[in-house]
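First up is the structure itself, then whatever we jot down about it.
The values are calculated or read from the model by the stated rules, or taken from the named source; none is laboratory data. Owing to the predicted nature of the structure, the values given are computational and were not obtained by experimental measurement. Because the Cβ atoms are built from the backbone with ideal geometry, glycine has one as well, and the counts that use them run over all protein chains shown.
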Amino acid sequence: MLDYRVLPAGDTALVVEFGDRIDRELNAAVLALAHGLDAARVPGIVETVPTFRSLMVHYEPLVLSANALIARIGEQIRSLKANTAAGHLWHLPVCYDPSLAIDLDNVARRTSLSAQQIVDRHCAPTYHVYMLGFLPGQAYMGEVAAELALDRLETPRTRIPAGSLAIAAAMSCVFPLETPCGWHIIGRCPVPLWDQGRATALLAPGDKVRFVPISIQEFETLATGVSQGVLRLEPVDEIVGAAA
Amino acid sequence: MTAAALRIMTPGLSTTVQDLGRSGFQRFGVTVGGALDPLSLRAANALAGNPPGAGVLEALYVGPSFVVEADDARLSFAGADAEIEILSDTDAQHGEVISSQRSAHVRRGQVIRVGSLKSGAVLYIAVEGGFAIEPTLGSVSTDSRGKIGGWQGRALVAGDVLPLRSTAATDRDEYRLDGLDLAPSSRVRAICGPQSDYFSPAEIERFFAGEYTVSAGSNRMGMRLDGSPIRHCRGFNITSDAIATGSIQVPGSGQPIVLLADHQTTGGYPKIATVISADLPAMGRLPIGAKISFTAATLEEAAAARRRLATEIANIGDKMVRISPPSALVAARLFECNLISGVCSAAA
């Protein structure tokens with residue numbers, strides 16, 4: 001039986017919290033509960049929003065009372081299977097060329113690593129997509145190698161380009177849109193993570209991601225292909241089970 | 001024949017297309033958005049004869065001015081009080097002044113100048129038949145941060161031409177609202193949590209006892225408050241989680257921020273309490289400089305208040321009364337008809 005607590009977030013949402021840290025097992029429970037509640041199509045549940053270690057459930061209290069929803073969540077959690085979340089594996093092309101990586105020098109200074117060592121360490125792990133948030137299609141991927149874990153910038157930049165690949169603490173993100181940002185920019189991804197026309201995100205929570213370094217020439221070829229609509233990224237293969 | 005439209009002359013401080021928001025996509029990081037004051041938005045649509053959640057213009061603090069590029073049209077204005085001027089054309093200096101909370105019949109070439117809002121922060125301008133804007137993810141709300149929806153995903157600018165679905169106004173009377181309370185409210189009810197355990201019971205008590213001022217840094221994402229800072233007892237960073245509209249986050253400065261319609265889907269500050277859904281419309285109207293304080297509420301009280309608001313929404317139609325045309329206006333219209341018939345006979 002999983003440990004959890006339910007917290008009110010006003011009268012139309014509540015938070016099911018499985019713990020207070022970033023952890024793949026807690027995240028797997030969050031995603032399994034989200035999938036379970038979504039599949040059950042419970043009348044009165046408006047939408048669910050999975051995050052690192054908790055699930056927000058938005059509901060219509062005049063259809064489904066908080067107490068009835070809490071009871072429903074309890075039932076769902078009792079029947080959770082350990083590895084119900086399935087995800088895709090993606091190979092995401094990213095360019096670490098200094099012309100697209102404004103913070104690479106700064107990260108090198110702060111970590112006492114060379115630019116090449118940063119690239120090697122950043123693209124070594126298979127990342128887990130914990131959640132989407134902040135911007136449409138923005139995936140929080142972890143964990144970044146401990147040597148690359150840095151606090152955010154003291155003064156966030158007012159604007160970074162769409163596709164910026166960035167790191168902060170144990171997380172790596174590709175920012176799908178131009179945005180203010182306090183993360184360290186170490187590259188850029190030519191593939192859009194958010195498809196406005198189809199209202200879909202490329203990555204889903206529970207997916208796995210490997211970053212594949214590409215040259216600036218390859219970046220430009222891919223970026224052109226994307227802008228002409230002739231390039232679409234497909235997952236490399238299907239993997240079953242969230243705990244990798 | 002050119003398509004019916006409203007041409008924006010001056011956009012006002014920040015005017016966006018809004019409806020009741022786009023829910024169902026928060027898991028992808030898409031903001032819900034929608035009207036800061038959904039009750040006034042519904043009232044504007046009722047006055048215009050539109051479905052309750054049709055897309056309208058939401059003006060903040062200073063309204064837009066625009067030209068009617070349709071044979072005629074019916075507009076409605078609901079929310080903050082304002083002196084709305086209807087000028088005969090773009091060269092006119094002065095025109096007829098009407099107030100908010102009513103519909104109005106306007107003709108081709110007339111200029112509508114909304115000006116500064118008086119009693120609150122938000123005014124909704126609806127047009128009968130609605131704007132001919134395709135929904136994005138089920139909504140026409142403008143998400144400026146995500147550049148989604150509305151008119152080109154941004155606030156209006158001078159020169160924008162907003163297409164209308166109807167080329168002409170229907171033949172009907174004008175209405176005004178009588179007895180629907182659209183005033184801002186300084187007293188807001190809130191439920192503790194989700195992260196009230198980041199604050200000592202004494203600090204939570206101080207939060208509910210305190211009075212805050214809506215600060216100039218406020219926008220559609222959040223209402224920033226100035227007041228006695230609230231201290232955390234376990235630091236001010238949480239593992240980022242999802243945000244509900246109305247949640248009151250307390251960052252390191254201790255100055256609370258009430259998260260409004262355009263809030264990010266996730267965030268990493270503890271949220272001491274969450275404004276109840278029924279009080280969001282009246283709070284959304286509060287202008288910069290207004291006072292605000294919070295009263296602790298239970299889930300039961302919130303549900304009762306939500307039920308009352310639902311009834312109020314269902315009964316908006318009963319609060320609309322017909323505006324009888326003033327006699328001077330009738331005389332002017334007769335004069336206009338005579339003049340036209342005179343011109344016709346002269347030409348014959």
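What the table below lists for this structure:
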{"read-out": "Odd one out for A:W90 among (1) surrounded by fewer than 17 Cβ atoms within 10 Å (Cβ to Cβ); (2) more than 14 Å from every other protein chain (Cβ to nearest Cβ); (3) assigned to a strand (DSSP E or B)", "value": "(1)"}
{"read-out": "Flag if A:A168 is without any contact (Cβ under 8 Å) to a residue 24 or more places away in the chain, within 18 Å of A:R21 (Cβ to Cβ), surrounded by 14 or more Cβ atoms within 10 Å (Cβ to Cβ) and assigned by TED's automatic domain parsing to the domain that holds A:A199", "value": "yes"}
{"read-out": "Within segment A:152-165, tally of residues that are surrounded by fewer than 22 Cβ atoms within 10 Å (Cβ to Cβ) and closer than 18 Å to A:Y96 by Cβ", "value": "3"}
{"read-out": "Any hit, segment B:291-298, residues being touching a Phe, Trp or Tyr at 6+ places or on another chain (Cβ under 9 Å) and at the interface with chain A (Cβ under 9 Å from one of its Cβ atoms)", "value": "no"}
{"read-out": "Residues of segment B:44-69 satisfying the condition of being of a type in the set (G, A, S) and surrounded by fewer than 24 Cβ atoms within 10 Å (Cβ to Cβ)", "value": "B:A46, B:G49, B:G53, B:A54, B:S65"}
{"read-out": "A:I77 in contact with a strand residue (DSSP E or B) (Cβ under 6 Å, 6 or more places away or on another chain), under 25 Å from A:G36 (Cβ atoms) and either aromatic (F, W, Y) or part of a helix (DSSP H, G or I) (or both)", "value": "no"}
{"read-out": "Close pairs (7 angstrom Cβ cut-off, 6 or more residues apart or separate chains): closer than 24 Å to A:E25 by Cβ in segment A:196-216, assigned to a loop (DSSP other than H, G, I, E, B) and hydroxyl-bearing (S, T, Y) anywhere", "value": "A:K208/A:T126; A:R210/A:T126"}
{"read-out": "Count of segment B:198-215 residues which are surrounded by 14 or more Cβ atoms within 10 Å (Cβ to Cβ) and in a helix (DSSP H, G or I)", "value": "6"}
{"read-out": "Residues of segment B:226-259 classified as of a type outside the set (S, T, N, Q), in a loop (DSSP other than H, G, I, E, B) and away from chain A (no Cβ under 13 Å), total", "value": "11"}
{"read-out": "From B:E128, B:E58, residue being closer than 22 Å to B:D181 by Cβ, among the acidic types (D, E), touching a residue at least 12 places away in the same chain (Cβ under 8 Å) and touching a helix residue (DSSP H, G or I) at 6+ places or on another chain (Cβ under 9 Å)", "value": "B:E58"}
{"read-out": "Some residue of segment B:216-225 being among the charged types (D, E, K, R), modelled with pLDDT of 95 or more, touching an Asp or Glu at 6+ places or on another chain (Cβ under 6 Å) and not in a loop (DSSP other than H, G, I, E, B)", "value": "no"}
{"read-out": "Qualifying residues in segment B:239-267 (those that are free of Cβ contacts under 8 Å to residues at least 60 places away in the same chain and of a type in the set (G, A, S)) - the one farthest from B:V214 (Cα to Cα)", "value": "B:S240"}
{"read-out": "Meets criteria (surrounded by 24 or more Cβ atoms within 10 Å (Cβ to Cβ) and outside any loop (DSSP other than H, G, I, E, B)) for B:L41", "value": "yes"}
{"read-out": "Hey, B:V62 in contact with a Ser or Thr (Cβ under 8 Å, 6 or more places away or on another chain) and under 22 Å from B:N315 (Cβ atoms) or not", "value": "no"}
{"read-out": "Answer from B:G53, B:G33 - the residue that is within 14 Å of another protein chain (Cβ to nearest Cβ), under 24 Å from A:P136 (Cα atoms) and not in a helix (DSSP H, G or I)", "value": "B:G33"}
{"read-out": "Pick from segment A:104-139, criterion within 14 Å of A:H184 (Cα to Cα) and buried (at least 22 other Cβ atoms within 10 Å of the Cβ), ranking: farthest from the other protein chains (Cβ to nearest Cβ)", "value": "A:I118"}
{"read-out": "A:E234 being farther than 29 Å from A:S112 by Cα, modelled with pLDDT under 95 and either assigned to a strand (DSSP E or B) or not assigned by TED's automatic domain parsing to the domain that holds A:Y96 (or both)", "value": "no"}
{"read-out": "Conditions (1) within 23 Å of the chain's Cα centre (by Cα); (2) of a type outside the set (D, E, K, R); (3) within 11 Å of chain B (Cβ to nearest Cβ): number failed by A:G10", "value": "(1)"}
{"read-out": "Residue within segment A:49-66 that is without any contact (Cβ under 8 Å) to a residue 40 or more places away in the chain, at negative phi, more than 7 Å from every other protein chain (Cβ to nearest Cβ) and not in a loop (DSSP other than H, G, I, E, B) present", "value": "no"}
{"read-out": "Selection status of A:L14, crowded, with 21+ Cβ neighbours inside 10 Å and closer than 30 Å to B:A304 by Cβ", "value": "yes"}
{"read-out": "Among (1) farther than 15 Å from B:D19 by Cα; (2) in contact (Cβ under 8 Å) with a residue 40 or more places away in the chain; (3) surrounded by fewer than 17 Cβ atoms within 10 Å (Cβ to Cβ) - the single one B:A82 does not satisfy", "value": "(3)"}
{"read-out": "Answer residue from segment B:120-147, given it is more than 15 Å from the chain's Cα centre (by Cα), charged (D, E, K, R) and within 11 Å of another protein chain (Cβ to nearest Cβ) and is farthest from B:A5 (Cα to Cα) among those", "value": "B:R145"}
{"read-out": "Residues that are surrounded by fewer than 20 Cβ atoms within 10 Å (Cβ to Cβ) and acidic (D, E), drawn from segment B:248-264", "value": "none"}
{"read-out": "Search result, residues across segment A:135-148 that are under 15 Å from A:I167 (Cβ atoms) and in contact with a strand residue (DSSP E or B) (Cβ under 9 Å, 6 or more places away or on another chain)", "value": "A:Q138, A:A139, A:Y140, A:M141, A:G142, A:E143, A:V144, A:L148"}
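Let's see how each residue does on (1) charged (D, E, K, R); (2) closer than 26 Å to A:F211 by Cβ; (3) surrounded by fewer than 14 Cβ atoms within 10 Å (Cβ to Cβ):
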| site | (1), (2), (3) |
| --- | --- |
| A:R5 | yes, no, yes |
| A:N27 | no, yes, no |
| A:G36 | no, no, no |
| A:A39 | no, no, yes |
| A:P43 | no, no, yes |
| A:T48 | no, no, no |
| A:G74 | no, no, yes |
| A:I77 | no, no, no |
